[in-house]
Each structure stands twice: as C-alpha cells, then as structure tokens.
Amino acid sequence: MNRANGTFKRISAILLAICLLICGVSCAGQEQEEVFTVEYFADGVSIGQQTVKKGSTVTPPAAPSKDNYIFSGWTTDANGYFDFTLNTPVESDLTLHAKYSLDAVKLMNTVTTATIRGTVKVIANFYNKFLFTKMDEYTQTGSGVIFGSYASGRLLVLTNCHVAVDKNGRSYVDYQVMDYQGNVYAATVVDDPSAPGPAKDPSYDLACLSFDPGQAQFPLIPMAELDPEVGTDVVSVGYPGGQANAVTIGKVRRYESITLENSVPECSNVTFPVAAHSAVIDQGSSGGALLDANLKLVGINYATSTVNPEFNNGFAIPISKVREFLEKYVFYYYT
C-alpha cells in the first residue's frame, strides 16, 4: 500500500511538472507578443495615446481642429514632411503629428470683410516754403496699420519711417491717412514729451502717426507676442501702387539682414535680421501689415526684392522690433 502511494505521488509530481512546463511555454509565448505605443500630437500638445499589437494598424482620435486651417492627416514629422498612411502595419513605437492646410477661403473672407478696415493708406506731402507759398512739393504714399488708440479717441497707426520721412530733406510735411472706403483724415507724427523724439526712427524703419476718426469706427489690429517661425503661414495687407486693400498669402522663408538700394540712412537704416516671406508685396506696401493665420500682426512690411523673383520675397520688420520701437517712442500704446 505504501509502495502504491509512493508510485502515485511520483506520477502526480511528473504530471504536475509537465503541466507547469506546458503552461510556462504558453505564457512565455504570450509574453513575447510585441506591442507598441502610438502617441498623437496636435500643435505640439499630446491629445491621445494607444497601445497597438505588432502588425496591427492605428485607430487615431477624432480629427483635431485649428482656426483657419483644415485637418489633412497625420505625419511622422512635426514639420509635416512625412505623411503616415493609416493602413500601415505598426512595427515600432510611433509619434504622429496632426497636419493641416491653410483654409485660404475662410481666411480671405475674414480679411476682406473685417481686417482690411484696420489698415489705411498713408499719404505724406513734403514741401519747402517761401513766405506763404509751397515749393518743391513731393507726395509719397505707403500703407499703415491701426493698432491702438488714445483715451481721447485718436487712433494710432504704424507705418515705415521711409514713408514718413523725405529722403531729399524738404523742410515741411503734411500727413493724411485714407481708410478702406476712401475717406481721408489729417494725421500727425506721435511726439511723446517723455520719448527721445518724434516717433519716426530709421534704425527700425518705423513711424507712428495718430489721427482723429470722428464718428468712423475702426478695428484695432492685435499684435502677436512672438516673431513668426520659419514656415509660418502669413498674410500681407496693404496698398501697393495705390491699389486699395490688396491681400496676398505666403510663408515666412527665413530671417536675414538686407540693404535697401533706393533709400538713405535718414529714412531707413535697419541692421537687424528681418523676416523674408512670400506673401507678395510691391511699391506702396511699405508700412502694411504682415499677419499670421490668427490675423495677429507679426510684422510691418518695408521692402520687396526684385533680385530673387523665384520666391517673390517681401521683407518685414518682425513684431519683436515693432514692440521695442513702441516701448521707446509710444509709451501708452494699446495691444
């Protein structure tokens, strides 16, 4: 009887060992099944994460939204260079970024019905005088951006120094601004007594005018906090060749220092890097708005290139320098 019990115990132990071995092999097989993590980003912010078995496909979250853009898919590169096809089998951990294309129709509708009301044509009439007679008259025009106001109701307009200053040094000047409907208002250069001088500085190629709008209503163009990055979609609004409310769309190409061929240091003497962009501008666009896709001011256009027609480059004073100029000359500006 004891011998039978011993045999039974040995057989039970063998069977238990076999079962454990089989279970171990099975569990080991399950542990070897590979899984990967897929994380989704929109504008640099994580919006979801999922675990995917090797060889399976992803199931992305709902398409994210972005003002004035259309969601166009997912990419494995934050800059949108490498599109990801959703039926691609997953073979490693993935980071996917939302890709957008500019909703140009919606953006243009907003610009042409609202934003252009915050831009003006700037007219500077330069002359000398003999007794009460004007002599050597010369008129030049540019563009301007309404960005703030005084408590009195006078509106503040940014434009270029080379629009507001005569390169031939005439002694007198009268300024006017013309709104989007063709109404004309007398303007003056801002001259804060606590500033180092009138608000026109060739080292920024910026000037600030003010005018009384009377009963007319104008929107103020809001300012961005930071300079636009290379690749940012931008919109130029201005008065090239006297044409009212011309609007073009492009991208910031790079930052570089340039030299103007047709100006003098007293009018424009910018030495810092400026934003080169492809939102086409022309003569008369000087002082016009460069906006991002949120229609915030990211620069003031001040030059165009005829050297590199491949990109139709415009050049803009970046918003950081605009703010620096305003802090120096216009202490009570509104943003």
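Here are some notes:
- Test result for ASP282, in contact with a strand residue (DSSP E or B) (Cβ under 7 Å, 6 or more places away or on another chain), of a type in the set (Asp, Glu), at pLDDT 90 or above and under 27 Å from ASN68 (Cα atoms): no
- Some residue of segment 123-140 being within 30 Å of the chain's Cα centre (by Cα) and either hydrophobic (A, V, I, L, M, F, W, C) or farther than 30 Å from ILE249 by Cα (or both): yes
- Residue, surrounded by the fewest Cβ atoms within 10 Å (Cβ to Cβ), within segment 122-147, restricted to residues that are closer than 27 Å to LEU206 by Cα and among the aromatic types (Phe, Trp, Tyr): TYR138
- Candidate set: segment 250-264, residues that are of a type in the set (Val, Ile, Thr) and touching a residue at least 24 places away in the same chain (Cβ under 8 Å); chosen: the one farthest from ILE123 (Cα to Cα): VAL252
- Residue in segment 272-294 that is in a loop (DSSP other than H, G, I, E, B), under 22 Å from ASN79 (Cβ atoms), in contact (Cβ under 8 Å) with a residue 40 or more places away in the chain and within 11 Å of the chain's Cα centre (by Cα) present: yes
- THR115 being touching an Asp or Glu at 6+ places or on another chain (Cβ under 6 Å), of a type in the set (Ser, Thr, Tyr) and at pLDDT 90 or above: no
- Checking each residue in segment 38-87 for being in contact with a Leu (Cβ under 8 Å, 6 or more places away or on another chain) and of a type outside the set (Val, Ile, Thr) picks out GLU39, TYR40, PHE41, PRO60, ASN68, TYR69, TRP74, PHE84.
- Residue in segment 181-195 that is crowded, with 20+ Cβ neighbours inside 10 Å, in contact with a Ser or Thr (Cβ under 9 Å, 6 or more places away or on another chain) and more than 24 Å from PRO318 (Cα to Cα) present: yes
- Restricted to segment 114-198, the set of strands (runs of 3 or more DSSP E) holding at least 1 residues that are of a type in the set (Lys, Arg) and not assigned by TED's automatic domain parsing to the domain that holds THR259 comprises 119-130, 133-149.
- Pairs are defined by a Cβ separation below 8 Å, a sequence spacing of at least 6 or placement on different chains, a first member in segment 36-52 that is assigned by TED's automatic domain parsing to the domain that holds HIS97, and a second member that is surrounded by 14 or more Cβ atoms within 10 Å (Cβ to Cβ) and of a type in the set (D, E, K, R); the pairs so defined are ALA42/LYS66; ASP43/LYS66; SER46/GLU39; GLY48/GLU39; GLN49/GLU39.
- On the stretch given as segment 199-236, residues that are assigned to a loop (DSSP other than H, G, I, E, B) and under 24 Å from HIS277 (Cβ atoms) total 17.
- Residues (of a type in the set (Gly, Ala, Ser), touching a residue at least 60 places away in the same chain (Cβ under 8 Å), on the phi < 0 side of the Ramachandran plot and surrounded by fewer than 18 Cβ atoms within 10 Å (Cβ to Cβ)) located in segment 198-249: SER203, ALA244
- Selection status of ASN160, over 30 Å from ASN79 (Cα atoms), touching a residue at least 24 places away in the same chain (Cβ under 8 Å) and surrounded by fewer than 17 Cβ atoms within 10 Å (Cβ to Cβ): no
- Once segment 251-275 is narrowed to residues that are of a type in the set (Gly, Ala, Ser) and at pLDDT below 95, the residue that is surrounded by the fewest Cβ atoms within 10 Å (Cβ to Cβ) is SER257.
- When VAL307 is tested against the conditions (1) at pLDDT 95 or above; (2) over 16 Å from VAL163 (Cβ atoms), the lone failure is (1).
- Meets criteria (in contact with a strand residue (DSSP E or B) (Cβ under 7 Å, 6 or more places away or on another chain), among the β-branched types (Val, Ile, Thr), free of Cβ contacts under 8 Å to residues at least 40 places away in the same chain and under 20 Å from LEU107 (Cβ atoms)) for THR304: no
The values are calculated or read from the model by the stated rules, or taken from the named source; none is laboratory data. None of these values were measured; they are calculated from a predicted model. Because the Cβ atoms are built from the backbone with ideal geometry, glycine has one as well, and the counts that use them run over all protein chains shown.
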